[in-house]
Structure formats: C-alpha cells, structure tokens
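A.B. asks: Before we start, here is the structure in question, set down as structure tokens.
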Amino acid sequence: MRISKVYRKTNETTVNVNINIDGTGKQSIKTNMPFLDHMIEQIARHGLIDIDIESEGDNYIDDHHSAEDIGITLGMAIKEALGDKAGISRYSHVYVPLDESLSRVVIDFSGRPHLEYNVAYTRARVGNFDVDLIREFFQGLVNHAFMTLHIDNLKGKNTHHQCESIFKGFGRALRQASSLDERMKGIIPSTKGIL
C-alpha cells in the first residue's frame with residue numbers, strides 16, 4: 001500500500017498529514033483556513049487519494065506560514081508514499097473546467113522540483129483567504145514532492161471557480177501521474193534508472 005504519515009513541527013506551525021495514494025477520496029482536513037480545507041478536499045475527491053490533515057499555526061499573524069507548511073508536509077507525504085516510483089505512469093496532463101473557468105495542470109514526477117504557475121485571479125481574496133497563498137501552497141508541495149508542476153488558468157472570471165478548477169485539476173493529474181502501469185511493473189520510468 002502506498003501510504004505515508006508525516007509530522008512536521010516548526011516555531012510557526014505544526015502539521016500532521018496522512019495519505020493513501022490508492023484510496024477512495026476520503027478526507028478529513030482541518031487547517032483553520034476553511035477555503036483551503038475546501039480546496040484540499042478537491043484534491044482528495046478528484047484524485048481518489050485519502051487525505052487526513054490537521055494543522056495549527058500562527059494564523060493570528062496571517063495564513064502564509066500555515067498554507068506554505070501544509071503544502072510542504074503534503075509534498076513530503078506524496079514523495080514518501082511513492083517510494084522509488086517504480087511502475088508509475090510519471091506524467092499526466094488534464095484540463096478541468098468549472099463553469100467559465102478552465103485550468104490546465106501538468107505533472108512530471110521528475111525528481112526535480114519546479115513550478116510554473118500562471119494564474120491571473122480576478123480578485124485578491126475568496127472570503128478571508130488570500131489567493132496569493134495558493135502559489136505558496138503549491139511551491140511548498142513541489143519542493144518536497146520533487147515534482148515538476150505546471151498550472152495554467154486559461155480563462156476565468158470568478159476567483160472561486162479559478163481556484164477550484166486548479167485544485168480539481170491537480171487532484172486528477174496527481175491520480176494519473178501516480179497510477180501504476182502494469183507494463184512498467186518494477187521499472188523506474190527514466191532512462192537514468194532513478195527519479
């Protein structure tokens with residue numbers, strides 16, 4: 001089973017993440033940021049990944065440290081759950097609409113952290129949540145999952161829709177890239193022999 005449990009504590013945050021890559025989409029997300037909870041639920045549901053996250057942080061300052069550190073810890077959990085990545089599909093790309101919004105998400109479990117993030121939000125906040133922190137969440141995740149991730153919101157007028165199409169797309173792309181290919185059983189999907 002491709003599962004992992006990661007606990008990360010700093011002077012700013014405490015984050016506990018449990019995931020099952022081969023789950024059914026069960027989730028329990030408690031970040032003290034309701035909008036981010038809702039977005040991570042999209043990853044679980046559309047990725048069919050079981051995700052359990054509990055975090056506490058210095059949200060009285062702002063949500064930056066918590067959003068980034070949750071991304072970091074989730075990235076660490078994904079990396080641990082995938083192990084040496086033998087047999088995975090490695091690559092994926094998806095387009096996900098939500099009404100007028102359309103996002104493209106592309107993943108390569110390359111072993112090299114890189115984020116390309118092209119999103120022009122139509123407003124700065126959804127409720128009390130600063131949407132700039134979505135980039136920080138994904139940057140932390142990418143840096144610690146050792147993946148290449150391209151996120152492009154191709155169109156959108158409603159910021160909630162833009163965000164949700166991104167997270168749904170990430171969930172679906174994560175599911176595809178991490179899926180096991182029987183023809184690659186036991187094979188690292190790289191001519192280098194390591195990812």
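A.B. asks: To test your reading of the geometry: what angle, between 0 and 90 degrees and rounded to tens, separates the Cα axis of helix 34-47 from the longest principal axis of the chain?
C.D. replies: That helix lies at roughly 20 degrees to the long axis.
A.B. asks: Using the number of other C-beta atoms within 10 angstrom as an exposure proxy, rank THR159, THR24, THR31 with the fewest first. Present the calculation step by step, with values, prior to reporting the outcome.
C.D. replies: Details: THR159 19, THR24 10, THR31 23.
Sorted ascending by nearby Cβ count, the order is THR24, THR159, THR31.
A.B. asks: Provide GLU54, GLU182 in ascending order of the number of other Cβ atoms located within 10 Å of each residue's Cβ, fewest first. Let's see the in-between values first.
C.D. replies: Details: GLU54 16, GLU182 6.
Lowest to highest Cβ neighbour count: GLU182, GLU54.
A.B. asks: Set the Förster distance to 22 Å, then compute FRET efficiency between HIS150 and ASP84 from the Cβ-Cβ distance, nearest 0.05. List each step's numbers first, then the result.
C.D. replies: On the way: r = 24 Å, r/R0 = 1.09.
In this case the efficiency is close to 0.35.
A.B. asks: Here is a follow-up. Okay, which of the range 45-83 sit inside 13 Å, backbone N to the point 7 Å along the Cα-Cβ direction of THR14?
C.D. replies: Output list for this probe position: 54-58.
A.B. asks: With a 10 Å Cβ neighbour count serving as the proxy for reagent exposure, in which order, fewest first, do LEU174, LEU180 appear? Display every interim value, and only then the final one.
C.D. replies: Numbers: LEU174 26, LEU180 14.
Fewest-to-most ranking of LEU174, LEU180: LEU180, LEU174.
A.B. asks: Quick check for me: using +1 on Lys/Arg Cβ and -1 on Asp/Glu Cβ, what's the dipole size of the chain about its Cα centre, in debye to the nearest 20? Can you show the working numbers first?
C.D. replies: Details: 23 positive and 26 negative charges, 164 e Å.
Taking the Cα centre of the chain as origin, the dipole is about 780 debye.
A.B. asks: For the chain, count the residues as N, evaluate 2.2 N^0.38 Å, and divide the Cα radius of gyration by that value, please. Walk me through the intermediate numbers first.
C.D. replies: Values: Rg = 15.8 Å, N = 195, 2.2 N^0.38 = 16.3 Å.
Here the Cα radius of gyration is 0.97 times the empirical estimate.
A.B. asks: Also: Along the charge dipole of the chain, Cβ charges K/R +1 and D/E -1, which of ALA86, ILE21, GLY127 sits furthest on the positive end?
C.D. replies: Ranked along the dipole, the leading option is ALA86.
A.B. asks: Whole Å is fine, so just give me how far the alpha carbon centre of the range 73-127 lies from that of the range 128-164.
C.D. replies: After rounding, the separation between the Cα centres reads 8 Å.
Bear in mind that the values in this text are calculations on the coordinates, not laboratory data. These numbers come from a predicted model, not from an experiment. Glycine also receives a Cβ, built like all others from the backbone with ideal geometry; neighbour counts cover every protein chain displayed.
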